[in-house]
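Structure record follows, encoded as structure tokens.
The values are calculated or read from the model by the stated rules, or taken from the named source; none is laboratory data. Note that the coordinates shown come from a computational prediction; the quantities given were computed from them, not determined experimentally. Glycine gets a Cβ as well: all are built from the backbone with ideal geometry, and neighbour counts include every protein chain shown. In case anyone asks, the SASA skips ligands and DNA or RNA and just uses the protein heavy atoms, side chains included. Shrake-Rupley method; radii C 1.70, N 1.55, O 1.52, S 1.80 Å.
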Amino acid sequence: MSAVDQHNPSASHLPDKHGRFGDFGGRFVPETLTRALDELESEYESAKKDPDFQRQLDELLKSFVGRPSPIYHAKRLSEKAGGAQIWFKREDLNHTGAHKINNTLGQALLTIRMGKQRVIAETGAGQHGVATATACAHFGLPCVVYMGAEDVRRQKPNVFSMKLMGAEVCPVTSGSKTLRDAVNEAMRDWMASVENTHYIIGSVIGPHPFPMMVRDFQSVIGREARQQCLDVMQRLPDTVVACVGGGSNAAGMFYPFIEDSEVELVGVEAGGLSSAPGQNASPLTHGMPGVLHGSYSYVLQDEDGQTAPVHSVSAGLDYPGVGPEHSYWKDSGRVRYTECQDGQALEMFDTVARTEGILPALETSHAIAKAMEIAGEMDSHQVVLVCLSGRGDKDAAEIARLKGLEDPT
Ligand SMILES: *Cc1c(COP(=O)(O)O)cnc(C)c1O
């Protein structure tokens, strides 16, 4: 399996040459960025065909990240669900504790290939910030990470890790002080620094070629998982479930299964506190198509088309937009999108900890909660595969705060 697979027979053919997934995607950016995006696209296309690039990335994914990550049969959780067998794809076991590193290593290699000397990134939960800081430390690249001030508070351990690895963390105090504001600030930096700086976007969002490129780098998740299911169970899963913030772990998990029409794909958005405006982060469930951060996709917006405030207990899902390919999959009906509320995700965090001895990220807990519901309505010989996108140690302090306990960190 190569890290970026241009001949995957089960892959869909999109986006087109304009970066469109049907109506969605594209490139809505000021002219300043057009040349950098063209350069990135052509560099990526050439890297994809370059066996040296492939070899370097494969080697890093193996020796630095610890891939392949295993699939794991969550037997006690399956018993609790009382239906299908629940399996986890263990992205939490990757170096830095989540799927984000699959993408940052790929983009850091591209940064060097393009001859750029500086990296910037945005981060929500801090996982992408840590994964970017890690890749930059590995290659000796200076790194600046923009992070909403509210998230800096919620995700202290990750802020500390980034600084330890030599990254500069810039708290963003504008707007809601969360992920969307951090993306705005990173875009602003990039407009002024694009000659020598690469912006490592952390999800399948942003202008073309980012949604395609990040999906490709993350597709190692689904390629491995698909083969592992065939090896271990001699069959494909009946249902594959992943949480959707920007949508990168879900896109990476789903993409290699897209042409397996017998496999049901379910994306889980952050239902927050309720379906009321401002109380959730579910653009595919409650949003409308619009332009955010350089591409056309479902966005949570008010009556005037302004991006709406969002809420999720989990910093990594707290974003009003979503990757354009997910919007395409929603409208085409290939993927079913649903949502899970804060309370249910928090409860599932506890359940998985006690039942399986795994602390899942709060983001991931959304996916597991829905997977449990789905599995409960299936037969015991059926299989539900969940992308366990990351580990939950980073959330311990925030969970303690929500429970009124003492901060353990
Ligand atoms: C960042 C993150 C997410 C959400 O981002 P996607 O791009 O939707 O994958 C989900 N889970 C974990 C563990 C994360 O760190």
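Before moving on, here are some points about what is shown:
- Residue match in segment 73-88 (condition: assigned to a helix (DSSP H, G or I) and closer than 19 Å to ALA125 by Cβ): no
- Among the residues of segment 356-409, those identified as open to solvent by 20 Å² or more (accessible area, probe 1.4 Å) and among the hydroxyl-bearing types (Ser, Thr, Tyr) are SER380, THR409.
- GLU168 vs. criteria touching a residue at least 24 places away in the same chain (Cβ under 8 Å) and farther than 20 Å from SER312 by Cβ: yes
- Summed over segment 104-126, the residues that are within 12 Å of the ligand (Cβ to nearest atom) and either among the acidic types (Asp, Glu) or open to solvent by 20 Å² or more (accessible area, probe 1.4 Å) (or both) give a count of 1.
- Flag for GLY267 being touching a Ser or Thr at 6+ places or on another chain (Cβ under 8 Å), open to solvent by less than 10 Å² (accessible area, probe 1.4 Å) and either modelled with pLDDT of 95 or more or not aromatic (Phe, Trp, Tyr) (or both): yes
- Residues of segment 68-97 that turn out to be charged (D, E, K, R) and away from the ligand (no atom under 16 Å from the Cβ), as a count: 4
- For segment 168-178, the criterion of being charged (D, E, K, R) and more than 16 Å from the ligand (Cβ to nearest atom) is satisfied by at least one residue.
- Hits in segment 310-339 - residues which are away from the ligand (no atom under 13 Å from the Cβ), open to solvent by 20 Å² or more (accessible area, probe 1.4 Å) and either under 20 Å from the mean Cα position of the chain (by Cα) or closer than 26 Å to PRO360 by Cβ (or both): VAL310, HIS311, TYR328, LYS330, ARG334, ARG336, THR338, GLU339
- Inter-residue pairs, beta-carbon under 8 Å, first among the charged types (D, E, K, R) and in segment 121-146, second more than 10 Å from the ligand (Cβ to nearest atom) and open to solvent by 10 Å² or more (accessible area, probe 1.4 Å), 6+ apart: GLU122/TYR146; GLU122/GLU185
- Single residue of segment 226-256 satisfying the filter (away from the ligand (no atom under 16 Å from the Cβ) and assigned to a loop (DSSP other than H, G, I, E, B)) that is nearest to PHE88 (Cα to Cα): PRO237
- Listed conditions (1) touching a Leu at 6+ places or on another chain (Cβ under 8 Å); (2) not assigned by TED's automatic domain parsing to the domain that holds MET348 are all met by PHE28, apart from (1).
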